[in-house]
Amino acid sequence: MNSSGTVRCVRIKCSAVLFDLDGTLIDSIAEIRRAWQAFAGKHGLDAAGFAATEMPTPHVLVTANDVTKGKPDAEGYLLCARGLGAEPSRCVVVEDAVAGLVAAESGGMIPVAVATNHRPAELFPSRVVTREPAGIHLVGVKDVGRSLPELELEIEPV
């Protein structure tokens, strides 16, 4: 908190952002579409046209079928980073569970916790904890002459 009593956002630079998607337990497609619609509206894109299209599969999608060891082992996140061509140390992992945060940390990645299912104090190891995914903002994209650009995230901490 700064002297005016407001919380300072945390800025992190990275090459890739890896998200945990709990699709094996719930069908989150409708919620994902709503999030993309909100994103389109926020960034001046045609939200109606955007919503009418089928959402593309991410460039790299790693599921339980792709790994031999689950979380807290880092295998899944390392496989994803390799598929994207990103150095693990330049990857931010957004997670809501301790096992996933441990996987990110042990893989040499930057864990960012989302406090949707746990109290913030329970979410370790993480560099920063935010209340919900909407607290993570992409504020910059910079071409740095590599295959992946440098991304700058701004995260609203709890």
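Among the candidates Gly100, Gly76, Gly108, single out the residue that is surrounded by 18 or more Cβ atoms within 10 Å (Cβ to Cβ), at pLDDT 95 or above and of a type outside the set (A, V, I, L, M, F, W, C). Lay out the reasoning, then the answer.
Values: Gly100 fails: at pLDDT 95 or above; Gly108 fails: surrounded by 18 or more Cβ atoms within 10 Å (Cβ to Cβ).
Result: Gly76 is the single residue among Gly100, Gly76, Gly108 that is surrounded by 18 or more Cβ atoms within 10 Å (Cβ to Cβ), at pLDDT 95 or above and of a type outside the set (A, V, I, L, M, F, W, C).
Applying the condition of being more than 18 Å from Arg82 (Cα to Cα), among the aliphatic types (A, V, I, L, M) and within 15 Å of the chain's Cα centre (by Cα) to region 28-69 and asking which residue is modelled with the highest pLDDT yields Ala35. Restricting to region 111-133, name every residue that is under 22 Å from Phe39 (Cβ atoms) and touching a residue at least 60 places away in the same chain (Cβ under 8 Å). Within region 111-133, Val112, Val128, Pro133 meet the criteria. Determine whether region 8-27 contains at least one residue that is more than 14 Å from the chain's Cα centre (by Cα), over 22 Å from Glu154 (Cβ atoms), modelled with pLDDT of 70 or more and hydroxyl-bearing (Ser, Thr, Tyr). Checking region 8-27: not a single residue is more than 14 Å from the chain's Cα centre (by Cα), over 22 Å from Glu154 (Cβ atoms), modelled with pLDDT of 70 or more and hydroxyl-bearing (Ser, Thr, Tyr).
Out of Arg82, Arg127, Arg131, Arg90, which single residue is surrounded by fewer than 16 Cβ atoms within 10 Å (Cβ to Cβ) and either within 15 Å of the chain's Cα centre (by Cα) or modelled with pLDDT under 90 (or both)? It would help to see each step written out before you state the result.
Numbers: Arg82 fails: either within 15 Å of the chain's Cα centre (by Cα) or modelled with pLDDT under 90 (or both); Arg127 fails: surrounded by fewer than 16 Cβ atoms within 10 Å (Cβ to Cβ); Arg90 fails: surrounded by fewer than 16 Cβ atoms within 10 Å (Cβ to Cβ).
Just a single option satisfies the conditions, and that option is Arg131.
Kindly indicate which of Arg127, Arg90 is in contact with an Asp or Glu (Cβ under 9 Å, 6 or more places away or on another chain), closer than 15 Å to Val17 by Cβ and basic (Lys, Arg). Exactly one of Arg127, Arg90 is in contact with an Asp or Glu (Cβ under 9 Å, 6 or more places away or on another chain), closer than 15 Å to Val17 by Cβ and basic (Lys, Arg), namely Arg90.
The values are calculated or read from the model by the stated rules, or taken from the named source; none is laboratory data. Here the structure is a predicted model, which is why all the values come from computation and not from measurement. Glycine gets a Cβ as well: all are built from the backbone with ideal geometry, and neighbour counts include every protein chain shown.
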